1. State the number of residues belonging to region 125-145 that are under 30 Å from A74 (Cβ atoms), of a type in the set (A, V, I, L, M, F, W, C) and not in a helix (DSSP H, G or I).
2. Restricting to region 132-168, give me the number of residues that are aromatic (F, W, Y), more than 15 Å from the chain's Cα centre (by Cα) and either surrounded by 15 or more Cβ atoms within 10 Å (Cβ to Cβ) or closer than 14 Å to I112 by Cα (or both).
3. Could you tell me whether any residue of region 91-101 is loosely packed, with under 15 Cβ neighbours inside 10 Å and over 16 Å from K42 (Cα atoms)?
4. The conditions are (1) touching a Ser or Thr at 6+ places or on another chain (Cβ under 9 Å); (2) away from the ligand (no atom under 16 Å from the Cβ), and I196 fails exactly one of them. Which is it?
5. Any residue at all in region 195-203 that's hydrophobic (A, V, I, L, M, F, W, C) and either within 23 Å of Q20 (Cβ to Cβ) or within 13 Å of the chain's Cα centre (by Cα) (or both)?
6. Could you check region 1-118 for strands (runs of 3 or more DSSP E) lying wholly inside it with 2 or more residues that are within 12 Å of the ligand (Cβ to nearest atom)?
Amino acid sequence: MPDARLRLAVLASGRGSNLQAIIDAIDNGRLHAVLALVISNKAEAQALERARKHGAPAVFLDPKATPGKEAYDAVILEHLRKHEVGLVALAGYMKIVTRVIIDAYAGRIMNIHPSLLPSFTGLAAQQQALDWGVKMSGCTVHFVEEGVDTGPIIQQTAVPVLEGDTAESLEARILAQEHRIYPEAIQLFAEGRLAIEGRRVHIK
Ligand code: GAR
């Protein structure tokens, strides 16, 4: 019988702890998906190691080998198509995704960001939260559209900012929640339960 599970690709640039949370959720049956492909723009990304250990195809694509953001994304798209990927999850992927992928995978690309969007987009979101003096921060899973960290929101979780927090301690508190909500959001997608209506994502 053909395998009907969602074929997931993860794009990651570094440590890959969110990728690991996804792998763990697949391994223990909380996420019904196949890790079809992991792509990194960094040869030394720990995410690639984690993928290989799980037995998933893991590919380093050197941005220098394909100059131009669109041309680079066209190479990524070829790989996504070759592996018949149904959903792309950005997990600590530190490059901006262009229209080339967004158009081909409209409504089928997700990202996780370590803040309660729309606050603190871009880099160092945890430090931005500390600098602003907010009492609550958190993380957001959202669909990706053109624009950085702007797409329709699927899931959010708040955590307190505590007296004496550093960017590192706040990051760790947020990360624990990232690892919980990202596999959950992907599972909702796998079950066909996410419906985008304008800026809102309804969970059926
Ligand atoms: C995570 O905190 C993720 O939310 C963040 O990078 C970290 C990657 O960690 N992403 C962004 O800031 C995207 N704007 P990981 O490699 O261990 O999953």
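1. 3
2. 0
3. Yes, some residue in region 91-101 is loosely packed, with under 15 Cβ neighbours inside 10 Å and over 16 Å from K42 (Cα atoms).
4. So I196 meets the others, but not (1).
5. No, region 195-203 has no match at all.
6. Output list reads 6-11, 33-40, 87-90, 109-113.
Every residue, every condition in (1) small (G, A, S); (2) closer than 24 Å to G107 by Cα, yes or no:
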position: D24; (1), (2): no, no
position: I39; (1), (2): no, yes
position: A51; (1), (2): yes, no
position: F60; (1), (2): no, no
position: G86; (1), (2): yes, yes
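Every residue, every condition in (1) out of contact with any His (no Cβ under 9 Å at 6 or more places or on another chain); (2) more than 30 Å from G198 (Cβ to Cβ), yes or no:
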{"site": "A43", "(1), (2)": "yes, yes"}
{"site": "V100", "(1), (2)": "yes, no"}
{"site": "M110", "(1), (2)": "no, no"}
{"site": "P114", "(1), (2)": "yes, no"}
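Where a number appears in this text, it was derived from the coordinates with a stated rule and is not lab data. Just so it is clear, the structure is predicted and the values come from calculations on it, not from any experiment. Positions of Cβ are backbone-derived with ideal geometry, glycine not excepted, and every protein chain shown enters the neighbour counts.
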